[in-house]
Amino acid sequence: MLWFSYDYDQYVPDTENKLIAWTKWQWSNVGIRGFRMDAVKHFLISFTSDVLNSMHGSGYDPGLVVGEFYDGNPWNLKYWIDQVNAGLNSSTKASYTPPFDFSLRWTLKAACDDFGTDARNIFNSSMVDAAGVSPFNAVTFVGNHDFRDPGQYIQMTLSSRMPISLQIIRLESLPFIILIIILS
């Protein structure tokens, strides 16, 4: 999947145009068909809409676009989805842009780490249940390279395996599964 970095200044129209052209080049020449937009809360929401509108206008519709909006509040995540969708042309909306459900991730982590958590309430903090987000606009998330200190390996402890199990069985969202293969 292709990613975007917040190290670019998307406020400059020329930069936005070059990033869109580069995205289309990746589609045409490399065969990229899915997008993971990194740290989307650090750039204009309209940039995400502009990229998707331009891609769709050129006949490029990725199967999955996901935004990494790192926030545990399901209402902030819903706001981002609503704003991106508001900027999409009606014909582009088929290329939805769900963010990772970090609110559910934090609740699952707490359930694994904190004794006495009532498991019946785990999903109540998710974007779907707490903020009323469509299940097709929420991507489950457990962890990635951002959840470790520099130089540390990604560790699969009990508290990281348990949320994976719960998120895989959750039917009301899009599963996001990362396979990590360690070669020695």
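Points to keep in mind about this one:
- Within the straight-line cut-off of under 28 Å between alpha carbons, the lysines reachable from residue 109 are 41, 78, sequence neighbours fewer than 8 places apart in one chain being disregarded.
- Segment residue 136..residue 106, full-extension length gain: 8.8 nm, with 0.36 nm per residue of separation and the alpha-carbon distance subtracted.
Any read-out appearing in this document is the output of simple, stated calculations on the displayed coordinates, not a laboratory observation. All figures in this text were calculated on a predicted structure; none of them were measured in a lab.
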